[in-house]
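Below is one structure; the comments refer to it alone.
Each value in this text was obtained by applying a stated rule to the coordinates, not by laboratory testing. Just so it is clear, the structure is predicted and the values come from calculations on it, not from any experiment. All Cβ positions, glycine included, derive from the backbone under ideal geometry; neighbour counts span all protein chains shown.
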Amino acid sequence: MERNGSRSKGRKGISYWWWKVLAILLLVPSVHVALHAPLAPALVHVSPGRVDAGPVTFVLTGYNTSFTNAYQVYLINAGERICATSVEALDERHLQARFDLGEGPRESLSSIVVHHPESGRLGLASAIYHGATGAGAEGADCPAGPSHTLGAGSFNFPNRSILYESIRNLNLHVPMWFTMMVLMGISLYHSLRALNRNDLREDGAAAAAVHAGLLFCALGLVTGAVWARATWGAWWTNDVKLNGAAVTALIYLAYLVLRGSVSEPHRRARLASVYNIFAFMLLVLFLLVLPRLNAIDSLHPGNGGNPAFNQYDLDDNLRRVFYPATAGWILLGIWMFQLRRRMLALQERVEDRDHARRSTSRIKGQQITS
Amino acid sequence: MMNLRPPFGGILQAQKQRHTRIAFVALVMGMIQSLPAAASDAAPHWLEDSLHGSAKMNTVVAVTTIILLGIFLWLYLQDRRLSRMEEKIDQGAR
């Protein structure tokens, strides 16, 4: 990757292309699956949510379900099961279940469970509020159903309330930040080399990496804002991770402004490289350390004391898509950085040549006049 | 004055700085604008409906579109820069 492809002549070999092809091979299928894999079946709604004593009829709404009359329904109240007297599938997503609650169950909140003897079960906790409570209902001895969840065997994404289909964004939004961090790390590497070797090309490479990294940072911020609007109800919240990301973006924008404001190349390279070291330290602090402190609450999963990617945060099927997607986005980011770097290097060479040509012609002119 | 010009080229340098400044100001403005939005959260109905539609699949569509648009915008900017370089090389050849 470090090889400067613009130097070699003729057609590029396999070592030049393989990781770019790998980027495509990782990205295309992972994005396809990220958008296409079904969500696990879930019970999303029960109506009415509030009932009194006596016979009642509930309509249960499922998501990605295929209800039939073979499904059974029961309520869980005070540890006992209250079975439906009759269950009828209205269509694949709706079940109608009749209950006789008698004088009313013992506790005021019931959970509801739908199950198929073979396929599995679905539940909705604390779904029903009872206005009247009594001695408990009759007929509390119905089968509990299988212990596994409906759709547990097949490839699907977890169906979480509030998130629903937007859980797919994990495979789109989060890799933006991973790519940004990798590019900023590459930029730091080149800045250190620029300081070490006093090499202007390394400084140019560092700037190119920051440029590409800022694109992914901007994409991460905007996609995050849209996802936040749909999930948390606001484009921007005072979450530590959000504010940290915004500050990081400003720090790196300031890097470009700083680089643009110094005209002497060697001075610019030194200043920008030293600044970049501090910028990367702040990135690590704002994006990786600060959001994970125990004392700080964060809306982001895996923050506020927990390490990210523990077994509760990320489902295995999501992982199978998330890791290749992240690797693909990182390779694409590196590709973009390399294009930018080579373009800037080319521009520099052209301008150096013009500069040299101009000064030689000036010297010739002086010789003629003198 | 002409001799003091950096080898990166004064015009390109100025244009690059201007773009960076515009992006900088836009981001700060966006952050300032978002502050009252976070405080009073009265969302327009159409937005709620469109983002939450199809079990929030529309949010995924919006995110995918933004990423594609962002990459295309980046490609456009690089393309324009290359065109300027090509013009410069053509001028130098003459």
Counting only residues 5 or more apart in sequence or on a different chain, those whose built amide H sits under 5 Å from that of A:Ala127 are A:Ser110, A:Ser111, A:Ile112
Just to confirm the number: angle between the C-alpha axis of helix A:316-369 and the first principal axis of chain A, 0 to 90 degrees, nearest 10? 20 degrees
Under 5 Å between amide H atoms, partner at least 5 residues away or on a different chain: which partners does A:Arg93 have, H built in plane at 1.01 Å? A:Phe67
Computed lengthening from A:Leu258 to A:Asp352, 0.36 nm per intervening residue step minus Cα-Cα distance: 31.6 nm
Give the span of chain A's Cα atoms along each principal axis, as three whole-Å numbers ordered largest to smallest. 116, 46, 30
Working from the alpha-carbon coordinates of the range A:13-127, get Rg over Rh, Rh being the Kirkwood radius. 1.31
List the cysteines of chain A that have no other Cys Cβ closer than 4.7 Å: which are they? A:Cys217
Expressed as a whole number, the average count of other chain Cβ atoms within 10 Å around the Cβ atoms of A:254-265 is 4
Fluctuation leader among A:Gly204, A:Gly220, A:Gly136 - chain A, Gaussian network, Cα springs under 10 angstrom: A:Gly136
Rounded if a/c is under 1.5, else prolate if a/b is larger than b/c, else oblate: which is the range A:177-261, with a ≥ b ≥ c the root eigenvalues of its Cα gyration tensor? prolate
Pairing the Cα long axis of helix A:265-283 with the longest principal axis of chain A, what angle in degrees results, from 0 to 90 and rounded to the nearest 10? 20 degrees
Once R0 is set to 30 Å, what does the formula 1/(1 + (r/R0)^6) return for the Cβ-Cβ distance between A:Lys12 and A:His32, expressed as a FRET efficiency to the nearest 0.05? 0.60
Need one number: nm distance between label points at A:Ala132 and A:Thr85, each 7 Å from Cα along Cα→Cβ, rounded to one decimal. 1.4 nm
Measure nothing but the geometry: give the 0 to 90° angle between the long axis through the Cα atoms of A:240-261 and the longest principal axis through the Cα atoms of chain A, rounded to 10°. 10 degrees
Given only helices, namely DSSP H runs of n ≥ 4 each adding -39500 (n - 2.57), what is the per-residue ellipticity at 222 nm of chain A, to the nearest 500 deg cm²/dmol? -17500 deg cm²/dmol
Efficiency of FRET from Cβ geometry, A:Arg362 and A:Tyr323, R₀ 51 Å, rounded to 0.05: 0.30
Placed amide H near A:His45: partners under 5 Å, 5+ positions off or other chain: A:Thr61
Karplus-derived HN-Hα couplings along the range A:16-31 (A = 6.51, B = -1.76, C = 1.60, θ = phi - 60°), whole Hz, x at Gly and Pro: 7, 9, 4, 6, 6, 5, 4, 4, 5, 5, 7, 6, 4, x, 5, 5
Descending packing, highest mean Cβ count within 10 Å first, for A:327-340, A:347-360, A:263-276 is A:327-340, A:263-276, A:347-360
Give me the inter-chain shielding for B:77-90: mean count of other chain Cβ atoms within 10 Å, whole number please. 2
